[in-house]
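Q: Below is one structure. I have some questions about it.
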């Protein structure tokens with residue numbers, strides 16, 4: 001930052017010196033000697049003409065002369081040499097000549113000649129020069145500031161792979177290094193967190209499977225009361241196992257995980273894919289009714305497995321919290337295709353909508369079969385595909401959760 005301050009001071013000093021130098025050169029520049037000699041000759045002729053004019057008529061004659069020349073003409077007492085000359089009066093140029101046979105002189109001016117009459121031009125040039133130097137000095141700095149802002153914005157969005165480039169001797173190198181170190185530190189912490197979650201989930205599922213096997217072995221030899229407890233215990237173990245499975249899925253879909261394999265994308269028909277998922281959900285629960293309408297031709301580019309997982313999670317979440325009657329609408333736009341799932345429940349308050357896509361957030365106090373990761377997984381799947389998840393009010397009441405997918409490109 002010290003080098004940045006010194007650079008700014010140097011530029012200001014240079015601009016000031018150049019402005020002062022140009023001003024002095026232009027204001028001190030002498031008009032062309034030949035032109036002035038001709039001008040002095042003309043004034044000498046007018047002085048001789050006034051010498052032959054009666055004294056009572058000289059002022060009227062000088063007024064007529066001023067009107068003819070277009071410059072002020074003054075009659076004044078002699079102040080110097082009888083020879084024609086130029087005088088500077090308050091940085092203005094006057095041409096003066098003695099009137100022969102009298103004690104007076106004629107002064108024509110101020111004459112707008114050369115740099116003397118162009119002080120405002122000099123000032124404007126100096127200001128333009130200073131502005132050019134200031135812009136030349138600040139443009140590189142603005143570029144670095146925008147780069148810092150861009151990297152900071154990516155980190156704000158969760159991309160801790162973003163880094164600032166180093167420019168040796170640059171005033172922002174210190175800030176760039178600190179920002180890169182911060183990204184490294186946060187990225188390492190997030191990677192450690194992912195590794196810990198993966199390890200815990202994997203290690204916990206093995207003893208859960210052994211516990212379930214042993215409970216099932218005991219259940220076959222237990223009495224009726226014990227069998228009921230055994231079935232409850234097996235159900236609880238299944239829920240725990242499902243939770244760890246969902247947790248592994250959530251960690252695997254981290255969009256900024258550098259170890260995550262590249263998505264295998266394919267072009268799929270949205271309505272057909274959603275219909276297959278809806279059929280699977282209704283087959284598993286006879287009380288569920290799903291109405292699917294909308295564009296039949298819309299296609300998107302997505303990973304088929306993740307597309308089905310996102311829609312499945314969305315439907316199960318809507319059934320758990322909004323009731324068994326669902327309305328799905330497929331809408332097509334220029335660049336996007338929207339899968340809109342509308343339930344008939346109480347809806348989601350606007351202030352709570354950003355929270356429900358976070359892991360383990362439950363707005364409803366009633367017990368459900370979910371793990372608390374359903375919408376969080378959907379949100380990550382959408383970000384992996386460059387899509388979006390929106391939550392609004394359904395037209396007929398309830399919640400409307402919309403998945404915005406990017407349409408497949410078609411070559412024309």
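None of the figures in this text is laboratory data; all of them are computed from the coordinates on show. Model, not experiment: these values are computed from the prediction. Cβ atoms come from the backbone with ideal geometry, glycine included; neighbour counts cover every protein chain shown.
Q: Using per-residue counts of other Cβ atoms within 10 Å, averaged over each peptide, order 50-58, 395-403 from highest down.
A: On the way: 50-58: 12.7, 395-403: 18.9.
So the order, starting with the most tightly packed, is 395-403, 50-58.
Q: How many nm separate the modelled label positions at residue 83 and residue 236, each set 7 Å beyond the Cα in the direction of the Cβ?
A: If labels sit at residue 83 and residue 236, their model points lie 12.2 nm apart.
Q: Based on the Cβ-Cβ distance of residue 361 and residue 184, what FRET efficiency does E = 1/(1 + (r/R0)^6) give at R0 = 35 Å, to the nearest 0.05? Before the final figure, lay out each step's value.
A: On the way: r = 30 Å, r/R0 = 0.85.
In this case the efficiency is close to 0.75.
Q: Compute the FRET efficiency between residue 252 and residue 229 as 1/(1 + (r/R0)^6), taking r as their Cβ-Cβ distance and R0 = 35 Å, and round to the nearest 0.05. Provide the component values of the computation, followed by the final result.
A: On the way: r = 35 Å, r/R0 = 0.99.
E between residue 252 and residue 229, to the nearest 0.05, is 0.50.
Q: Then there's this: Using a simple spin-label model with points 7 Å from Cα along the Cα→Cβ vector, what separation in nm is obtained for residue 163 and residue 52?
A: 9.4 nm
Q: When a/c is below 1.5 the answer is rounded, else prolate if a/b is larger than b/c, else oblate, so apply that to the range 157-280 with a ≥ b ≥ c taken from the square roots of the Cα gyration tensor eigenvalues.
A: Details: a/c = 5.01, a/b = 1.99, b/c = 2.52.
Oblate, because a/c is 1.5 or more while a/b does not exceed b/c.
Q: Let me ask you something else. Can you tell me which of 229-236, 304-311, 202-209, 40-47 comes out highest on packing, and rank the rest after it, using the mean Cβ neighbours within 10 Å?
A: On the way: 229-236: 13.6, 304-311: 19.6, 202-209: 12.1, 40-47: 17.1.
The peptides rank, most packed first, as 304-311, 40-47, 229-236, 202-209.
Q: Any idea what % of Cα-Cα pairs in the range 186-252 are farther than 13 Å? Show your work: numbers first, answer last.
A: Values: 1473 of 2211 pairs.
Roughly 67 percent, once rounded to a whole number.
Q: Take the alpha carbon atoms of the range 126-160, find their center, do the same for the range 191-227, and report the distance between the two centers in whole angstrom.
A: 57 Å
Q: Obtain the nm distance between the two label points defined at residue 210 and residue 75 by a simple spin-label model: each point lies 7 Å from its Cα along the Cα-to-C-beta direction.
A: Here the answer is 12.8 nm between the modelled labels.
Q: So, in Å, what gap is there between the alpha-carbon centers of the range 44-64 and the range 376-396?
A: Centre-to-centre distance over Cα atoms comes out at 96 Å.
Q: Another question, if that's okay. Any chance you could check the Cα centroid distance between the range 65-103 and the range 318-351 for me, in angstrom?
A: 94 Å
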